[in-house]
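Worksheet: one structure, shown below.
The values are calculated or read from the model by the stated rules, or taken from the named source; none is laboratory data. On a predicted model such as this, the values are computed, not experimentally measured, just so you know. No Cβ is skipped: glycine too gets one built from the backbone with ideal geometry, and neighbour counts run over all protein chains shown. All accessible areas refer to the heavy atoms of the entire protein, side chains included, with ligands and DNA or RNA removed. Shrake-Rupley method; radii C 1.70, N 1.55, O 1.52, S 1.80 Å.
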Amino acid sequence: MDVEFTLNGQSFRCPTGCTVAAALFLLGRRTMRLSARDGTARSLFCGMGICYDCVMRIDGQSNVRACQTVVQPGMKVEVQQGEGELGDDA
Amino acid sequence: MTKTDLLIVGGGPAGMSAATEAASHGVHCHLVDENPALGGQIYRQAGAADHHQTDRDDTLARKVERRDDRITILREASAVAVFDGRKVALSRKNSTELVDTDVLILASGAYEYVPPFPGWTLPGVMTPGSAQILAKTMGVSPGKRLLLSGSGPFLLAVASSLLKVDVEIVAILEASPRWPWVTLPFRAWKNLDKWKEGWQYVSELRNAGIRIRHGRIVVSANGDNDLTSVSHAAVDRDWHPDRSKVETEDVDTLCVGYGFVPRVFLAQLAGCELEYRSEIGGWIPRRNADMCTTVPNILSAGDGAGVAGVLVATLEGRLAGLVAARRLEAIGDAELTSLRRPIDAELKRLTPFRKALDRISRIRPGLNSLVDDETVVCRCEELRWKQVRESVAFGGTNFRTLKVQSRVGMGPCQGRFCWPAMARLVAEQSGCDPKDVGPSSPRPPIRPVTLGALAAGVGGES
């Protein structure tokens with residue numbers, strides 16, 4: 001267990017090299033976003049970066065694929081609400 | 001703008017083979033892949049160094065990397081558009097660039113076919129490939145109690161990977177009836193080595209006490225905000241479920257996939273003519289025996305040109321690399337003829353096995369009956385079948401008309417996941433063949449690119 005990151009503001013650790021999706025599965029907290037129209041929970045689906053179902057708000061940027069993003073020390077991961085918001089740097 | 005003789009899109013078995021073959025005849029090429037490491041989905045390399053299993057075959061990737069005098073590898077870059085049949089737009093996290101190439105080889109691979117059914121958007125429902133990546137590259141278990149469902153030998157390979165992580169595999173549901181191979185023509189038995197590989201998986205799973213149940217499919221995934229159970233039913237020869245033979249299993253994870261769909265978006269954008277071949281995944285670029293599409297100097301190889309597995313992909317990649325070398329005048333006609341002979345012979349030897357497997361695992365019409373009016377059929381736009389059905393009744397007959405009416409395929413996946421199954425549903429609804437419904441019509445960029453990445457284009461090119 002070597003990388004510390006936050007999920008919705010709460011601190012967790014995961015092994016180095018884990019994707020955000022894998023880290024969330026390890027925690028047993030696999031809801032990654034709430035859909036825009038119906039607000040239903042969505043999670044990892046295709047796992048290879050093409051379905052865009054697992055998008056989350058990561059380090060202030062929305063619509064980032066959890067399955068393609070490796071957890072970095074101090075990364076801020078948040079469950080995305082709907083379409084997401086413009087990034088902090090926008 | 002970067003200029004190259006040969007650009008190869010896709011770093012899986014086909015793309016890597018094309019690159020090494022062309023390079024071995026003196027061709028300088030660029031090989032682009034969207035992942036951090038070469039290998040494609042089948043030889044996907046480990047993300048977490050301490051956790052990966054050691055059974056991956058990375059000899060091809062090593063071969064490519066050793067040829068760095070002639071092969072330039074562009075990692076973590078996605079080909080998002082093709083202009084004028086020779087300029088390819090590559091998008092990275094924070095930049096985009098155009099590459100101008102004399103010859104283009106598309107080796108984009110394939111993704112899994114999952115038809116819509118009630119509850120399939122719940123967290124915990126995923127493709128078998130998705131679970132395999134978690135288990136194989138990161139040693140992470142996708143859940144506690146898991147059911148695998150669908151068709152084809154890939155399910156067995158995934159189950160075998162899952163044996164190495166902490167998860168209880170409740171059962172494998174294979175839609176096809178029990179012993180389909182007894183009906184095979186004698187010719188198919190010539191590829192005995194391939195059948196043996198399949199049998200090894202079966203006996204490994206049997207030894208682990210995992211039950212393979214033939215002739216059953218998943219009819220619904222159940223739960224409120226997370227998967228809690230799965231209902232499955234016995235099917236007839238056409239995979240129509242018998243609703244009186246439903247069983248419900250408490251599981252937290254369902255992996256479901258019925259084979260693969262070729263990735264043809266780039267071929268479509270390049271203007272390559274497509275043809276519909278349901279037995280190898282649906283829409284594929286029309287090719288001749290030289291792997292050439294209908295657009296001059298654009299070739300296509302591997303699963304992205306028709307799903308046939310890693311052996312065929314490797315051979316097709318080598319052949320495409322040779323033909324590219326000929327086009328670039330690195331080899332002559334006589335050399336091409338003699339070099340391709342063993343490749344053609346091996347491709348021919350594998351044909352009976354491929355045809356048999358295509359026949360066993362072809363998609364049957366019964367899967368269409370899984371949707372009800374409230375089933376989400378387009379995951380991105382959260383469209384329900386009722387809305388699409390009404391659009392069809394209103395006169396929507398193809399991707400474009402249905403897109404305008406219902407927003408189908410307008411989300412970030414651009415119809416990759418919904419359209420292959422939707423085309424079948426729409427065809428059934430309007431009493432025609434899926435090939436008459438037509439393919440989706442992708443628009444550049446074929447995957448979301450941030451405005452920042454576009455604005456930061458290299459060298460100010462448009």
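For this structure, a couple of remarks:
- Computed over region B:207-313, relative contact order equals 16 percent, with contacts defined as Cα pairs under 8 Å that lie 6+ residues apart.
- For chain B, the cysteines with no partner cysteine C-beta closer than 4.7 Å are B:C29, B:C255, B:C272, B:C292, B:C380, B:C413, B:C432.
- Buried surface between chains B and A: roughly 3000 Å² of accessible area, summed over both sides, computed with a 1.4 Å probe on protein heavy atoms only.
- Signed unit charges on C-beta, dipole axis of chain B, positive-most listed residue B:L104, B:N207, B:L339: B:L339
- Distances between placed amide hydrogens fall under 5 Å for B:V449 paired with no residue 5 or more residues away or on another chain.
- At the residue level, B:E381 shows approximately 30 square angstrom of accessible surface with a 1.4 angstrom probe and all protein chains present.
- Enclosing the Cα atoms of region B:60-169 in their convex hull gives a volume equal to 186 cubic angstrom per residue.
- Computed from the alpha carbon positions, the gyration tensor of chain B leads to an equivalent ellipsoid with semi-axes of 35, 27, 22 Å, biggest first.
- Taking every residue in B:253-262 and counting other chain Cβ atoms within 10 Å of its Cβ, the average works out to 0.
- Rounded Å value of the spacing that divides the Cα centres of region B:77-117 and region A:24-90: 24
- Computed FRET value (nearest 0.05) for B:D68 with B:S278, which takes r as the C-beta separation and R₀ as 56 Å: 0.85
- Above-threshold pairs, the threshold being 24 Å between Cα atoms, out of A:K76/B:K164; B:K144/B:K164; B:K196/B:K245: A:K76/B:K164; B:K196/B:K245
- Qualifying trypsin sites (Lys or Arg not before Pro) for region A:29-90 [loop in DSSP, other Cβ within 10 Å: at most 11]: A:R37
- Calculated from backbone phi, Karplus (6.51, -1.76, 1.60) coupling profile of region A:43-59 in Hz, x at Gly/Pro: 8, 4, 10, 7, x, 10, x, 10, 8, 6, 7, 9, 5, 9, 8, 10, 6
- Surface accessible to a 1.4 Å probe, B:W199 within the full protein complex, Å²: 120
- Diffusion constant of the protein assembly as shown at 20 °C, which comes from Stokes-Einstein with the Kirkwood Cα-pair radius and 1.002 mPa s, µm²/s: 89
- Listed values for region B:248-254 are Karplus-derived 3J(HN,Hα) couplings in whole Hz (6.51 cos²θ - 1.76 cosθ + 1.60, θ = phi - 60°), namely 10, 10, 7, 9, 9, 9, 10, and x replaces Gly and Pro.
- Amide H contacts of B:L6: B:H30, B:D102, B:V103, each under 5 Å away and 5 or more positions distant or on a separate chain (H built 1.01 Å from N in the peptide plane; Pro and chain starts excluded).
- Average beta-carbon neighbours from other chains, 10 Å sphere, peptide B:407-417: 3
- With N the number of residues in region A:2-80, Rg(Cα) / (2.2 N^0.38 Å) evaluates to 0.98.
- Shape category assigned to region B:216-351 from the gyration tensor of Cα positions, a/c cut at 1.5: prolate
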